[in-house]
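Reviewing the structure listed below.
The values are calculated or read from the model by the stated rules, or taken from the named source; none is laboratory data. This structure is a prediction, so every number in the text was calculated from the model and none was measured. We place every Cβ from the backbone using ideal geometry, glycine too, and count neighbours over all the protein chains shown.
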Amino acid sequence: MSDTPARWRFFRAGGFDQVRLETAQELAQIGELDQKLWVALACPVAGLEFDPKTLAWIDSDGDGFVRAPELIEAVNWACQRLQNIDVLAQKLNGVARSAIRSDDELGAQIMVAAQAVISAQSPPDEVLSVDAIATAMTIQRDKELAAWQKAGEGVRVLQENTESAYAALVAVREKIDDWMTRCDLAAFDSRACDLMSGAPEVWAGLAAQSLTAQTAGIAEMPLAAIRTTPELPLSGGLNPAWSERMGDFQSQVLTPLLGERSSLSLADWRALQALWQPYEAWLAAKPQASELLQGLQTLEKLARYVRDLMELANNFVAFKNFYARQGKAIFQAGTLYLDGRACELCLSVADSAKHAALASLSNMFLAYLDCSRGAEKRSIVAVFTAGDADQLMVGRNGIFYDRQGRDWNATIVKMLAQPISLRQAFWSPYQRLGRLISTQLQKMAATRAQAADAQLAQAASMGGTKTPAAKPATAFDVGKFAGIFAAIGLALGALGTALAATLSGLLSLPWWKLPLVLAALVLLISGPSMVMAWFKLRSRHLGPILDANGWAVNARARINIPFGTSLTQRAVLPDNAERSLVDPYAEKQPPWEIYGGLAVVALVLAWWLL
């Protein structure tokens, strides 16, 4: 590694500066970069579109997260094991043999392993790929185990049932040894019988409880009542916490080897253990990984680092893959197609409710979906950043394509609504007004329909009965109806006066001011909604969505309006496509062109006459 101080280059994306990592030298010096300038300081090992085995190698403490110091340590280790670090930026599928450092003990071990991989290849390749190394490891591991496995064929006590029987023996061995020893002590001194069966206070504590076989404390009691003769009963009298395991021991070990027994004597127990001694000695002789196998494992680690470290750094130290739109970021799980849109910002989630609690702070429209593909299930969150939310609702179905190109059925199960676009904000007041008018009209129609149904039902019920005597007609109240008509007239007059005044005011303006007045009216209605949406769209950021998945995002990774629009693609006809506007089933539309023309003529005449 060079001792020359790093000369960093940055690019602006997402509203903040990000370091440019393009050369191996830049990658090798990330430990010198102030971590306040890193985009992320930690990421989870699971749930990413990245090789989990590479992340597991980097996660040196095995806590399920890759942190900045661990990434720096991995880069430093790779640079120390390479004599030519340029391969870190060459996007190879492994490590070139000529780039491996071999002037120390570990390097020599890796080089021997590299030669073994090359010898197994046909034709040999200078670049040792991760897959080729994995294949060589499998072959070497099988080779080393073959002799040991062959030796074990003669010590398998119960042939194909040996493994399960041995597990049943191990499960009760310590408890049987404990009981036999207690019985030996009781035979030595009969006073030990009661003491070895359990202290009185323990029995008193158990007696005060509602007991089951799983009650705490029962399993710690002796396997059976202590006696001076070590003859363990098998058909009854066993500790209930151990009865199931003892049943497995009897059916899988004792009966097949010694025959049916109602009890187990000390002699039988010793003979039984002697039968298993050769098998246990064989297990203890299982060979450890040879030096060659250890070298192959280290070579695989180096090959993975050469292949993956640069990509990981550009999804960790910087979000280049995401903001430069050069492929997908490692947190992007795939693409959701729904409502005529393709959402590219989709993330895997383990717990939708827990994720939504923090992700709501992102100020983005989030839809949580349950996905299924046969018996496979998964959950994702899709971010809608273009279009509108008119047709987005819980229960809508779409198709999700994962990063491997597999298609999943996807159903919206939860939404966190936020403004999606300025276009949606502009039309939302008119849409709300339209929905309000539509709702009121439907309520009025429903009320009238219910009244009509009630009258019909009343007439039908009276049809077969005697017609009642006609009620005397109510006298016409002239004063009452005169007051009603007067009120209606006043209301219509006030409305007409207001409209006339508005129209007179508009017509008194010069013709070129009319569009400005109309524009001002539109802004008065849509302006507040658009201003609020604009502020929210400008404050959208990626951090809470990733933090809810276990990331530690260290920057205000904004999703501005132009960039957000690129993350959600709307349906567009292909270039050079033919389009016919003739729809034989289209509803007849009112001649708005004629109405508009007449309105313009009327306005011009009124302005000319006035």
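Within region 395-410, not a single residue is part of a loop (DSSP other than H, G, I, E, B), touching a residue at least 40 places away in the same chain (Cβ under 8 Å) and of a type in the set (A, V, I, L, M, F, W, C).
Among the residues making up region 353-400, those that are over 16 Å from Gln569 (Cα atoms), among the β-branched types (Val, Ile, Thr) and surrounded by 18 or more Cβ atoms within 10 Å (Cβ to Cβ) are Ile380, Val381.
Going by the conditions given, is Val349 outside the structural domain of Phe50 (by TED's automatic domain parsing) and buried (at least 17 other Cβ atoms within 10 Å of the Cβ)?
yes
Starting from residues that are in a loop (DSSP other than H, G, I, E, B) and touching a residue at least 24 places away in the same chain (Cβ under 8 Å), keep the ones in region 558-577 and report whichever is farthest from Ala357 (Cα to Cα). If you could, list the steps in order and put the result at the bottom.
Quick first cut of region 558-577, residues in a loop (DSSP other than H, G, I, E, B) only: 559-560, 571-577.
Keeping just the survivors that are touching a residue at least 24 places away in the same chain (Cβ under 8 Å) gives 559-560, 571.
On the way: Ile559: 20, Asn560: 22, Ala571: 32 Å.
Taking the candidates together, the pick is Ala571.
Taking the condition within 30 Å of Ile412 (Cβ to Cβ), modelled with pLDDT of 90 or more, touching a strand residue (DSSP E or B) at 6+ places or on another chain (Cβ under 6 Å) and not basic (Lys, Arg), does Gly334 pass? Yes; evaluated as a whole, the condition is true for this residue.
Residues in region 249-306 that are outside any helix (DSSP H, G or I) and surrounded by 16 or more Cβ atoms within 10 Å (Cβ to Cβ): how many? Break it down into steps so the answer makes sense when it comes.
Start the filter on region 249-306 by keeping residues that are outside any helix (DSSP H, G or I), which leaves 259-265, 285-290.
Checking which are surrounded by 16 or more Cβ atoms within 10 Å (Cβ to Cβ) leaves us with 264.
Result for region 249-306: 1.
Within region 206-248, the set of residues being among the polar types (S, T, N, Q) and in a helix (DSSP H, G or I) comprises just one member, Ser243. Checked against the criterion of being among the polar types (S, T, N, Q), within 17 Å of Thr565 (Cβ to Cβ) and at pLDDT 90 or above, the candidates Ser379, Ser362 yield just one match: Ser362.
What's the total number of residues in region 113-132 that are farther than 17 Å from Lys143 by Cα and in contact (Cβ under 8 Å) with a residue 40 or more places away in the chain? The number of residues fulfilling the criteria is 4.
Yes/no per residue for (1) in contact with a Phe, Trp or Tyr (Cβ under 8 Å, 6 or more places away or on another chain); (2) part of a strand (DSSP E or B); (3) within 26 Å of Leu41 (Cα to Cα):
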| residue | (1), (2), (3) |
| --- | --- |
| Val66 | yes, yes, yes |
| Ile72 | no, no, yes |
| Ala78 | yes, no, yes |
| Lys91 | no, no, yes |
| Ser98 | no, no, no |
| Gln115 | no, no, no |
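Yes or no: Ala318 of a type in the set (A, V, I, L, M, F, W, C) and surrounded by fewer than 17 Cβ atoms within 10 Å (Cβ to Cβ)? The answer is no for Ala318.
Within region 356-367, the residues that satisfy the criterion of being within 24 Å of Ala42 (Cβ to Cβ) and outside any loop (DSSP other than H, G, I, E, B) are Ala356, Ala357, Leu358, Ala359, Ser360, Leu361, Ser362, Leu366. For the residues Val157, Val172, the requirement of being of a type in the set (A, V, I, L, M, F, W, C), assigned to a loop (DSSP other than H, G, I, E, B) and surrounded by 13 or more Cβ atoms within 10 Å (Cβ to Cβ) singles out Val157. Residues that are among the small types (Gly, Ala, Ser), without any contact (Cβ under 8 Å) to a residue 24 or more places away in the chain and either within 17 Å of Asn315 (Cα to Cα) or not assigned by TED's automatic domain parsing to the domain that holds Ala28 (or both) within region 54-97 comprise just one, Ala56.
Answer yes or no as to whether Glu49 is part of a helix (DSSP H, G or I) and either surrounded by fewer than 19 Cβ atoms within 10 Å (Cβ to Cβ) or not assigned by TED's automatic domain parsing to the domain that holds Ala318 (or both). Before the answer, list the steps.
Values: part of a helix (DSSP H, G or I): no; either surrounded by fewer than 19 Cβ atoms within 10 Å (Cβ to Cβ) or not assigned by TED's automatic domain parsing to the domain that holds Ala318 (or both): yes.
No.
Looking only at residues that are surrounded by fewer than 20 Cβ atoms within 10 Å (Cβ to Cβ) and not in a helix (DSSP H, G or I) in region 528-557, which one is modelled with the lowest pLDDT? Result: Ser539.
Quick one: in region 6-24, which of the residues that are part of a strand (DSSP E or B) and among the aromatic types (Phe, Trp, Tyr) is surrounded by the most Cβ atoms within 10 Å (Cβ to Cβ)?
So, considering only residues that are part of a strand (DSSP E or B) and among the aromatic types (Phe, Trp, Tyr), the one surrounded by the most Cβ atoms within 10 Å (Cβ to Cβ) is Phe16.
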